[in-house]
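What follows is a short report on a single structure.
The values are calculated or read from the model by the stated rules, or taken from the named source; none is laboratory data. Treat the numbers as computed from the prediction; the structure is a model and nothing was measured. Neighbour counts run over all protein chains shown; Cβ positions are idealised from the backbone, glycine included.
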C-alpha cells in the first residue's frame, strides 16, 4: 500500500496502478472513493472483497464527461438534462447500461450509475487512463462514512488493507452527504437517494380517513414496483402516537397481497409477513421502546435488506443514523404523518432520502 499526499501525486503512477488491476482510494467532492478499472473483472472482484459487498450490488462509474458516459450508458433526453444541469457535481445518474463493463458493475437489471466528479485531479486521472473507474465510497459496507484516511483504515481488517494499492491523501474532506442518485430509466425522473443536491419536489397529501392513508401507502409503494426483488425498500415512518403509522403499514401489506392482520409489533419489535411476489416479505418494525441504536441487536436489518424485503419502520427518527447506513443497498423512503385539524385528517409528506 502506497499513501501519497494529493499535492505529490503523479498521475502516471496512478494510471499504472489502475492498468495493473489495482485498487486506488481517492478524494472527491463528497467522500473518499474506491476506484478500480470498471472494465476489468478481476479488479472488480478485488473491489468486492475490499468492500465486503454481497453479490448483486452494482457500482457506479466515474467518467470525464457525457461523451465518455455515452460509451457505457444509454443517455436519454431526461438524462441529458440532468447532465447539463448538475454535472460535474455530487449527482449519480442511472441509465440503462450498454453491457460492456466488467460483470458486477451494472445492476442485475442492466442499469448503470454514472458520476462526473467535480474534482480536477480525479478527472485528470480518468482522462489519462481513458477508461471509467468505479465510483463507490471507500468504506466497507455498513462502516463509517470516509471523510479522511483514518476513517477508512481504522475500520478495515488487515486483509482489506492488503487489497489497497494506492491512496491519494486529500486530507480531511468537508462532511458532505454522498451523491444524490437519480434514476432516468423510467418515465419520471426518480430520486433514489438524496444528497447535498436536493431534487425531490414536495410530496404532500391529505388523508381524510384510515382507508385513505392505506391508499396513499399503496400509491407510494407502487411507484417503486420496478425495484421489487431487486432492492430492499425501507419506509421510515415518523409521527406522533396514534397518527397512523400502523395504518400506513397495513396499506403496504394490502398492496403486497398480505391477508393476515397487521398490528404494531411494539413488544416483540418485529413481525414478518411472507409475500407471494418478487418481494419475499414485508417486515414491520416498531422501535418505540428502543432507547438507542445499540439496542437493535434483536433486529437483523442487514438480513432484511439482503433479502430485498419491503421494510416498514415505525418511529424511524429514533434510529435515523442506523437506517441511513444502508443508502447504497436500499431505497429509503421517509414518510412523515401529522394530525390535521379535523378528527380523521392526516397530512402525509414523503420523499426518497439519503
Residue in the stretch 32-52 that is part of a loop (DSSP other than H, G, I, E, B), assigned by TED's automatic domain parsing to the domain that holds residue 143 and closer than 19 Å to residue 330 by Cα present: yes
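Quick grid of which residues meet (1) assigned to a helix (DSSP H, G or I); (2) surrounded by fewer than 21 Cβ atoms within 10 Å (Cβ to Cβ):
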{"site": "85", "(1), (2)": "yes, yes"}
{"site": "89", "(1), (2)": "no, yes"}
{"site": "94", "(1), (2)": "no, no"}
{"site": "99", "(1), (2)": "no, yes"}
In the stretch 5-19, the residues that are surrounded by fewer than 18 Cβ atoms within 10 Å (Cβ to Cβ), in a loop (DSSP other than H, G, I, E, B) and in contact (Cβ under 8 Å) with a residue 12 or more places away in the chain: none
Residue 317 vs. criteria within 28 Å of residue 146 (Cβ to Cβ) and either within 20 Å of the chain's Cα centre (by Cα) or touching a residue at least 24 places away in the same chain (Cβ under 8 Å) (or both): yes
Out of 238, 245, sole residue that is closer than 27 Å to residue 347 by Cβ, in contact (Cβ under 8 Å) with a residue 60 or more places away in the chain and surrounded by fewer than 21 Cβ atoms within 10 Å (Cβ to Cβ): 238
